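The values are calculated or read from the model by the stated rules, or taken from the named source; none is laboratory data. Bear in mind that the values here come from a model prediction, so they are computed numbers and not experimental data. Here Cβ is always computed from backbone atoms with ideal geometry, including for glycine, and neighbour counts include all displayed protein chains. For accessibility, only protein heavy atoms count, side chains too; no ligands or nucleic acids. Shrake-Rupley method; radii C 1.70, N 1.55, O 1.52, S 1.80 Å.
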Amino acid sequence: MQPDLHPSDAPVGARPPLLAMQHVDKVFGRDVVALRDMDLEVGQGDFISLLGPSGCGKSTALRLIAGLSHPSSGSIRWARDRVDGDLSVVLQEPTLMPWATVAQNVFLPFRLQGRRFRAVRDEILEALKLVGLEKFQNAYPRELSGGMKMRVSIARALVTRPRLMLMDEPFAALDEITRFKLNNDILALREKIGCTVIFVTHSVFESVFLSDRIVVMAARPGRVIRELRVDEPYPRGEAFRTSAEYAAQCRAASEALKQAMGAHDEH
Amino acid sequence: MSIDADHGLQPATAGSGLVDAEELARLRRRRAERIGQWVLPALVVILTIIAWDRIVVWGGIPHYILPRPGLVAATLVEDWPLLFESLLVTLQITLGALAIAVLGGVGLAVLFTQSRWIEMSFFPYAVILQVTPIVSIAPLIFIYVDSKIAGLLICAWIVAFFPILSNTTLGLNSADHNLRDLFKVYGATRWQRLRFLQLPSALPYFLGGLRIAGGLSLIGAVVAEYVAGTGGIGSGLAFRILEAGYRLNIPRMFAALLLIALTGIVIFASLSFLSHMLLRKWHESAIKRET
């Protein structure tokens, strides 16, 4: 599959559309409003972080985009029809099948498309190479550390070369050092395969480092209150992490988040 | 072995002369446990046999009330052709019932997980079959079923299938929710979800049920033989016990009993081995702790 437009090809906002959420509401039970009137235009090559306190509907939004549940009202439309392998997800847990080897786990999206292992072996090895685990293809998940399991999970998401990758707080359960490393890696991987990412996080630092758009959300009811741009060009490295620009962006995002936390409209 | 969690276990400096008393005690304890695991039960068996023998001799108990262990062994050898033939019959019923229990139990469990409605409708019947003592159902079965073998199989099956059904149902339903979501995102069909997610998730549960069912199918077979009660050629071990009891041939009763017990042990051990082989690579229950 041809990679979509590379992120650096056009500025944010001028990229061809990939997906649009319009006036999306989601209600749980009879009256719990998880998400209210959410609009989001996703352009090809965007790296969007959904940032907000717990209960702000960021994971709900991700599940709606993934098709795991449906909006109560409003619409989510792909710019061109979605086909097998267009969409992949990385969840907070590595979510590997414990009975299958690393290679078999990465094979899963292809297997569910009805393809044979032998036919896609090269893609699987390539994906494992991208996350630096080609030597562990025959290991079982229980033999790996938390960070390595998450890499397998990322390899599984990359293997079909998706147009859109959804990541739901993938590094929240990892230690700081591993998380920094994986943050760098995820950017490097995106440079290589050029896909669009929607990334759910509650870490200001992570969202600023990774994304070019930060959508700040508030809770009760879950809704979008602001969108920030991070104009620092990719590739971003350790130098960005220690720059004044980064610090300023983090301050801006923190303030937006603070505003989000204080912005309950109780009912 | 864990790939990046084993630093800490390497000797700090080889031959440094440092000795950790706690670690040494732990190693000693572990070695003693490993030996004790085999030696102790063997010792208990030997002591029991000796005590049994002494009680019979010193108490002057006649052999038609309690035979000496030596006599039981001699009877086992002497009656081997007869007992072996009966053993084969009992074994045939037991394994046949177990096979049907596996097919029926897993089949029903799969059906149950495909439809909540089917599960709600039929699960109560499975429970009723399970809680009603087989001895009270067996006479009815032998009235309505002409073939004795078929009757025996049905009885043993009723006793054995429930643990497989309930464990497999539990296992099929306990597939990781995140993995279920993932399968959904990747557009898995119902069949793919069953084949690649639910069945592997259920395997450890199924194997646990299978070990219980192995013992139960032997019990079911023996109980059914007692109820069926007809003798002659093609009778199982339970009938040999009944028959020997009528004739006050107590040594043969013991010999047949010994064979039934051994059969049960062999069934349990083989199923445990099967379970270990299938799970050893990935399941917690089959993985030895390293520290």
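With respect to (1) under 19 Å from A:V197 (Cα atoms); (2) in contact (Cβ under 8 Å) with a residue 40 or more places away in the chain; (3) open to solvent by 50 Å² or more (accessible area, probe 1.4 Å), the lone exception for A:V83 is condition (2). For the stretch A:224-234, state whether one or more residues are assigned by TED's automatic domain parsing to the domain that holds A:E41, touching a residue at least 60 places away in the same chain (Cβ under 8 Å), out of contact with any helix residue (DSSP H, G or I) (no Cβ under 8 Å at 6 or more places or on another chain) and more than 21 Å from A:N183 (Cβ to Cβ). Checking the stretch A:224-234: at least one residue is assigned by TED's automatic domain parsing to the domain that holds A:E41, touching a residue at least 60 places away in the same chain (Cβ under 8 Å), out of contact with any helix residue (DSSP H, G or I) (no Cβ under 8 Å at 6 or more places or on another chain) and more than 21 Å from A:N183 (Cβ to Cβ). Considering only residues that are in a helix (DSSP H, G or I), surrounded by fewer than 16 Cβ atoms within 10 Å (Cβ to Cβ) and within 12 Å of chain B (Cβ to nearest Cβ), which ones fall in the stretch A:112-161? Listed by number, the residues that qualify are A:K135, A:R142, A:G146. Out of all the residues in the stretch A:66-78, is one or more within 13 Å of chain B (Cβ to nearest Cβ) and touching a residue at least 60 places away in the same chain (Cβ under 8 Å)? Looking through the stretch A:66-78, at least one residue is within 13 Å of chain B (Cβ to nearest Cβ) and touching a residue at least 60 places away in the same chain (Cβ under 8 Å). Checking each residue in the stretch A:79-92 for being facing chain B (nearest Cβ under 7 Å) and aliphatic (A, V, I, L, M) picks out A:L87, A:V89, A:L91.
Quickly run through the stretch A:27-64 and pick out the residues that are assigned to a strand (DSSP E or B) and either under 12 Å from the mean Cα position of the chain (by Cα) or among the β-branched types (V, I, T) (or both).
Scanning the stretch A:27-64 gives A:V27, A:V32, A:V33, A:V42, A:F47, A:I48, A:S49, A:L50, A:L51.
The set of residues in the stretch B:32-88 that are touching a residue at least 12 places away in the same chain (Cβ under 8 Å) and outside any helix (DSSP H, G or I) comprises B:H63, B:Y64, B:I65, B:L66, B:P67, B:R68, B:D79.
Residues are listed down the side, and each one gets a yes or a no for (1) farther than 17 Å from A:V197 by Cα; (2) loosely packed, with under 15 Cβ neighbours inside 10 Å:
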| residue | (1), (2) |
| --- | --- |
| A:A14 | no, yes |
| A:D25 | yes, no |
| A:C56 | yes, no |
| A:L62 | no, no |
| A:I65 | no, no |
| A:R77 | no, yes |
| A:F110 | yes, no |
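Considering every residue within the stretch B:107-119, establish whether at least one is more than 25 Å from the chain's Cα centre (by Cα), open to solvent by 60 Å² or more (accessible area, probe 1.4 Å) and at pLDDT below 90. Taking every residue of the stretch B:107-119 in turn, at least one turns out to be more than 25 Å from the chain's Cα centre (by Cα), open to solvent by 60 Å² or more (accessible area, probe 1.4 Å) and at pLDDT below 90. Scan the stretch B:158-179 residue by residue and report those that are more than 8 Å from every other protein chain (Cβ to nearest Cβ) and open to solvent by 60 Å² or more (accessible area, probe 1.4 Å). Within the stretch B:158-179, B:L170, B:N173, B:H177 meet the criteria. Against the definition (touching a residue at least 40 places away in the same chain (Cβ under 8 Å), in a helix (DSSP H, G or I) and either in contact with a Cys (Cβ under 6 Å, 6 or more places away or on another chain) or among the aliphatic types (A, V, I, L, M) (or both)), how does B:V106 come out, yes or no? Spelling it out, B:V106 is indeed touching a residue at least 40 places away in the same chain (Cβ under 8 Å), in a helix (DSSP H, G or I) and either in contact with a Cys (Cβ under 6 Å, 6 or more places away or on another chain) or among the aliphatic types (A, V, I, L, M) (or both). Cβ-Cβ distances below 7 Å connect the following pairs, each with a first residue in the stretch B:191-204 that is under 13 Å from B:T113 (Cα atoms) and more than 10 Å from chain A (Cβ to nearest Cβ), a second residue that is part of a helix (DSSP H, G or I) and not polar (S, T, N, Q), and a separation of six or more residues or different chains: B:L194/B:V110; B:Q198/B:L172; B:A202/B:G171; B:A202/B:L172.
Can you find, within the stretch A:93-108, the residue that is farthest from A:G146 (Cα to Cα) among those that are open to solvent by 20 Å² or more (accessible area, probe 1.4 Å) and within 8 Å of chain B (Cβ to nearest Cβ)? Among them, the one singled out is A:W99. Between A:V230, A:V208, A:V197, the distinction of being of a type in the set (V, I, T), under 27 Å from A:L68 (Cβ atoms) and buried (at least 21 other Cβ atoms within 10 Å of the Cβ) belongs to A:V197 only. For the stretch B:277-291, filtered to residues that are exposed (fewer than 11 other Cβ atoms within 10 Å of the Cβ) and in a loop (DSSP other than H, G, I, E, B), the residue that is modelled with the highest pLDDT is B:K288. Scanning the stretch B:221-242 for residues that are assigned to a helix (DSSP H, G or I) and either open to solvent by 50 Å² or more (accessible area, probe 1.4 Å) or out of contact with any Ser or Thr (no Cβ under 8 Å at 6 or more places or on another chain) (or both) yields B:V223, B:A224, B:Y226, B:V227, B:A228, B:I241, B:L242. Residues that are open to solvent by 40 Å² or more (accessible area, probe 1.4 Å) and either under 15 Å from B:A202 (Cβ atoms) or not in a helix (DSSP H, G or I) (or both) within the stretch B:125-157 comprise B:T132, B:P133, B:D146, B:S147, listed in sequence order.
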